[in-house]
Each structure stands twice: as structure tokens, then as C-alpha cells.
């Protein structure tokens, strides 16, 4: 599905974050990109989202070179992703309103998808994520977890085939974080979504990633991949296999076991 | 602000005024009642016309200022290069008290409404420009990126992000500078015009020595300033509910 070939990317004149980096992702896979801060994981996500362009090399999705944000790629950031002046419902409808604004021009919206009944597309998602009753509230009036649910509703109502998340639950407390992780796991199986989650927390990587890409201090030249087939199975969090993966990740990241 | 509190404050100020005028016993400080009756007597006639002339000048300049300053501010706010280029000039021009330009503008644009409108426009323009620019420049990059990821290009970012983000800045600018705008209006109406509250106040006070009428003019000018401030505040609350509804 996604092919990254010989990707090189640097912020002006410093050590390149990626140096002839090659990586590929098959449809339906659940990836986590794990690494310490400054390793380039957010950069990688922005490159995949089409929000940054490689210096050299290429990224293609379903064989098409990526040149701009793709209408079928969803992106969820840690925070500040919602419009502060719009209600939960208006925020969740934003993607559809943008598509309506442009019309189905294939650049900003998928072809042939004319926008009718935005409420009918958005409300089921607000309901599914348990925030339908909050639809008249503004982001500042609701909790961090509810804001992230609104961001997920906004992204998934557009029916993406690829979901990118940057530290999506990092600012949430543990119970809220686990409940949202479970939501993502069930949506993933339900929708056959390809997901890529960026995180610095190895416990989160072990829960969400069937395949885990470890990034280290730049330059990153080749993908270091850890398989974690147990992710997504019920009761995995807390199982022995889960602890094994956590230990493996811990030692791979160079920390004391 | 509660309406009851504002009315109470008005009552207290009126009481002080009344006491002061009774204490001084001077024609230059008539009683509240004398002024109020002059106000009510004059308002349907001459004073009303002067009030409308002043109101017209402020309202037109406010609209023109918004129309010119908001797009300019948004443009500078989203382009670091443009802002870099223009900000030294704005930095120099912004703090100049625009009232000192009154003679210059009068010389260039003559004595009609235009010169008065332009001078108030100058007062409001820079305030709105600077606040809208800073508001747009300080939008979080995460917000812009996530809206771009939903498919928004330049036009949709303007429509869905920059424009609504600039609304509170416009109202803040108006609330901050409406007082100055009315003050500058007063100055411009002292020169070469026979319409407007500035002219009316000056005429009644310095030429006709009709002090209750002069104070009625002062009251009308205060009400003009207060009314505009109130309108900006009311629109701010109506159009920017997310600012006031912070708590559950």
C-alpha cells in the first residue's frame, strides 16, 4: 500500500533525519512508530500525510506518488487539532464541509463523492464514540479525552483507508488513554483500516502495534522492525506476551530492562 | 457586565454631578435636570441631526477600516515573508497618535465628510491590522496541519480557519479604539464643518454660552461612544460564543 523508497529528509543543513530510508506497509497493517523525542517519528508521519515533502526519494500510496495531503488519509494529532470556535458537531463535520466547499475535484476530495446529508454521516460517529450529547459544546468546555473522540469522529466520518496518529493519547490520564486505545483497536478490525501510530511510550506501542518500527537518533537509514502479533487480541494488555514485547522494546531502545 | 450594575453606576455618577453643581452654583456646571431637559428638548431637533452626522462618520469609517484591515492583517499573519517586509513600517506608524494628522488630512482631503472619515479610519485601521495579524500569526501549527490533512487548501484555510479566528481580534480592536476614534472625531468636527457633535458642543459652549445645551451635546457624544462600545461588545458575545462559554 505504502512504499517509501530511498527517502532522504533534513531540516536545513543539520544531520538528515532520514538518509536513503526504505520502508513498506501492506494494506490493513497496524503499525506503531516508536522512538525517543527528536528521532524523526513526527516528521515521518507528516511526510506520510503529504504535509512535508522528501528532499530526495519517493513516497507512493497505492502506486501513486504522494504530492499533497490525500483525501483518504486521516490524521489525528496530540492536541490543538480542533477549531476552538466550532462546536463538537461543527468540528466533526469540518472535513465534509471542506469537501462541499471544493466539490469533488479529486485534489481536495475523492472523485464522485458528492456531499449530501452531512449530519447523517457525522451523527453515527458521534454516537459511536459516545459524544453525541456533547455536540453543542465547544472544545474548551469538554475534557481532553472527549476532544480526542471528536477528532477521531471528524477523521473517521470521512471514511479514510489510512489513519495516521501522532501521540494521540499522550496528554490523557491512564484510564481514558486505555479506553481510547481499545476504541482504536475495535475500529481497526471493524473497518479494515491501515493504521500508523506515532508514540514515545513503549506500553502504547505494545498495545497498538502489530508491527513496530523503532527509530533512533538520526540519521535513520534502515527500518528496525519488531513483530508483535498479539496486539489487538482481547486481554493482551497485561498478558505475558505483552510483557515480553515491552521488555524487548525496552532493551531495543537501550534502556535498563 | 450586568445591565443593573451599569444603571446603578450611571445613577451614582448623576448624583455626584447633581451634588457638585448644587455646591458650586455656577452656570458652567448646570444641574443634571437642566441638562437632561435640554437633551430631551434638543434631541428631536438640532442635536439629533448633529448626532446622526457624527454617527454616520464613525460607522462608515469602522466598516471601511474592517474591510481594509482584516484582509491585510490576515495576509501578513499567514505569510512570514510579507510580515517581515512590512512590520518595520507598521512598527513605526502604529504608535503615531493619528490625531496629529488631522491638519494634514484636512489640507489634502478638504473640509467635507471624507477627511473626517479618513482620519477615524486611520485610528481604527492600525489597531485592527495589528491585532488580526498577530491572531493569524499565532494560530497553532497543529491546528493548521490537521485542517490541511482534511483536504483544506489555501482558500478553505481562509474560510474555515483564518477568518473565524480573526473575529475576536476585530472586536477587541474595536473595543480598544472606539473611545479614541470618538475623541478624534470630536477634534475633526471642530474644524471647518457645521455638522456633527463636535461642532454642536463647541458652538453651544463657546459662542452661544448655552451651557445646558453644551452638556446635552457632551452627553450625546458620550452616548455615541458608549453605544458603539456596547455594540462591539454585544456582537462579540453573539458571534464569538466560544470565548464566553469556557466553563461547563
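Points worth noting:
Residues are listed down the side, and each one gets a yes or a no for (1) crowded, with 21+ Cβ neighbours inside 10 Å; (2) modelled with pLDDT of 90 or more; (3) part of a helix (DSSP H, G or I):
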| position | (1), (2), (3) |
| --- | --- |
| A:80 | no, no, no |
| A:137 | no, yes, no |
| A:147 | yes, yes, yes |
| A:151 | yes, yes, yes |
| A:170 | no, no, no |
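- Residue match in the range A:107-121 (condition: free of Cβ contacts under 8 Å to residues at least 60 places away in the same chain, more than 13 Å from chain B (Cβ to nearest Cβ) and under 23 Å from the mean Cα position of the chain (by Cα)): yes
- Exactly one residue out of B:167, B:163 is within 14 Å of another protein chain (Cβ to nearest Cβ), closer than 30 Å to residue A:158 by Cα and surrounded by fewer than 18 Cβ atoms within 10 Å (Cβ to Cβ), and it is B:163.
- Just so you know, in the range A:19-70 the residues that are within 14 Å of another protein chain (Cβ to nearest Cβ) and surrounded by fewer than 13 Cβ atoms within 10 Å (Cβ to Cβ) include one that is farthest from residue A:170 (Cα to Cα), and it is A:67.
- Residue list for the range B:137-160, restricted to those being at the interface with chain A (Cβ under 7 Å from one of its Cβ atoms), crowded, with 16+ Cβ neighbours inside 10 Å and within 30 Å of the chain's Cα centre (by Cα): B:160
- Any chance residue B:178 is in a helix (DSSP H, G or I), under 28 Å from residue B:77 (Cα atoms) and more than 14 Å from every other protein chain (Cβ to nearest Cβ): yes
- Filter result (part of a loop (DSSP other than H, G, I, E, B), farther than 17 Å from residue A:224 by Cβ, touching a residue at least 60 places away in the same chain (Cβ under 8 Å) and under 16 Å from the mean Cα position of the chain (by Cα)) within the range A:27-59: A:27, A:28
- Residue A:95 being on the phi < 0 side of the Ramachandran plot, within 12 Å of another protein chain (Cβ to nearest Cβ), in a helix (DSSP H, G or I) and crowded, with 18+ Cβ neighbours inside 10 Å: yes
- Residue within the range B:213-230 that is over 21 Å from residue B:58 (Cα atoms) and either without any contact (Cβ under 8 Å) to a residue 12 or more places away in the chain or not in a helix (DSSP H, G or I) (or both) present: no
- Qualifying residue in the range B:204-218 (condition: within 30 Å of residue B:74 (Cβ to Cβ) and in contact with a helix residue (DSSP H, G or I) (Cβ under 8 Å, 6 or more places away or on another chain)): no
The values are calculated or read from the model by the stated rules, or taken from the named source; none is laboratory data. Quick caveat, the model's predicted, so the values are computed rather than measured. Note that each Cβ is placed from the backbone with ideal geometry, even for glycine, and that neighbours are counted across all protein chains shown.
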